[in-house]
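Each remark here refers to the structure printed beneath this line.
Throughout, read-outs are computed from the coordinates displayed, never taken from laboratory work. Bear in mind the structure is a predicted one, so any value in this text is a computation, not a measurement. Note that we place each Cβ from the backbone using ideal geometry, even for glycine, and neighbour counts take in every protein chain shown.
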Amino acid sequence: EPEVTQTPSHQVTQMGQEVILHCVPISNHLYFYWYRQILGQKVEFLVSFYNNEISEKSEIFDDQFSVERPDGSNFTLKIRSTKLEDSAMYFCASNQGENQPQHFGDGTRLSIL
Amino acid sequence: AQSVTQPDIHITVSEGASLELRCNYSYGATPYLFWYVQSPGQGLQLLLKYFSGDTLVQGIKGFEAEFKRSQSSFNLRKPSVHWSDAAEYFCAVDRFGNEKLTFGTGTRLTIIP
């Protein structure tokens with residue numbers, strides 16, 4: 001069964017550094033999402049992306065965050081200048097379209113030192 | 001704003017016993033409803049979904065859920081749990097079938113022999 005693939009599985013970065021998290025959504029999916037889960041807390045929506053533009057973003061997704069679909073397969077999340085509070089598990093998800101469930105990757109654990 | 005409540009933070013069940021995990025949502029219309037499972041260190045796996053129609057939905061791994069409009073609930077059930085069911089379970093809603101997911105805080109399930 002097709003899967004959403006995320007790399008790396010664990011990223012350790014110094015505070016203030018830029019980090020890019022990578023995702024390869026399922027190939028025929030059209031809608032892409034990023035979520036995060038701070039340790040011990042619930043999963044929170046960050047951003048959704050469709051037709052090469054952001055369709056919705058949360059309050060968390062401020063100017064330090066950006067997303068990109070650089071080619072036909074990858075979907076990246078960039079954090080420009082990381083803060084300690086950015087430490088979390090970041091999940092990528094995708095779906096085919098309306099009335100279709102989102103499928104999640106295994107996540108990237110981001111640790112900011 | 002829509003919200004999802006999972007009132008049980010942690011549930012312990014004996015192997016072979018039945019299970020019910022509670023989920024209530026707060027939204028004016030009937031949203032699209034999902035249950036996801038997260039094993040330790042893993043991503044979110046879709047167990048089942050409710051979009052419309054029959055209010056009792058079947059999912060993977062022997063799970064089922066029942067939508068009750070009058071109670072704004074979507075409880076997850078399994079007649080006989082297995083040790084491998086130990087995980088975190090998240091209820092989630094999507095207002096229109098192609099938007100962000102709003103997650104509950106999760107219920108951690110422990111299975112005892």
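In nm, to one decimal, how far is the A:Leu84 label point from the A:Glu68 one, both placed 7 Å along Cα→Cβ?
Each label point is offset 7 Å from its Cα along the Cβ direction, giving 3.0 nm.
Kindly rank A:68-81, B:77-90 from highest to lowest mean number of other beta carbons found within 10 Å of each residue.
B:77-90, A:68-81
Quick check for the protein assembly as shown: number of Lys pairs with alpha-carbon distance under 29 Å, counting only pairs 8 or more apart or on different chains?
The number of close lysine pairs in the protein assembly as shown is 23.
How big is the Kirkwood radius of the range B:36-92, worked out from every pair of different alpha carbons and given in Å to one decimal?
It works out to 12.1 Å.
At 7 Å along Cα-to-Cβ for each site, give me the label-to-label distance between A:Gln41 and B:Lys68 in nm.
Those two pseudo-labels are separated by 3.2 nm.
Under 10 Å, Cα contacts only: if you run a Gaussian network model on chain A, which one of A:Phe32, A:Phe91, A:Phe45 comes out with the highest mean-square fluctuation?
Largest GNM mean-square fluctuation: A:Phe45.
Note down the Stokes-Einstein diffusion coefficient of chain B in µm²/s, whole number, using a Kirkwood radius over alpha carbon pairs, 10 °C, and 1.306 mPa s.
113
State the antiparallel share, in %, of DSSP beta bridges confined to the protein assembly as shown, rounding to the nearest 5.
So the antiparallel bridges amount to about 90 percent of the total.
If R₀ is 41 angstrom, what is the calculated FRET efficiency for the pair B:Ala17 and A:Glu98, using the beta carbon separation as r and rounding to 0.05?
0.60
Taking the Cβ of each residue in A:Cys23, A:Cys92 as the centre, tally the other Cβ atoms inside 10 Å and list the residues starting with the fewest.
So the residues, fewest neighbours to most, are A:Cys23, A:Cys92.
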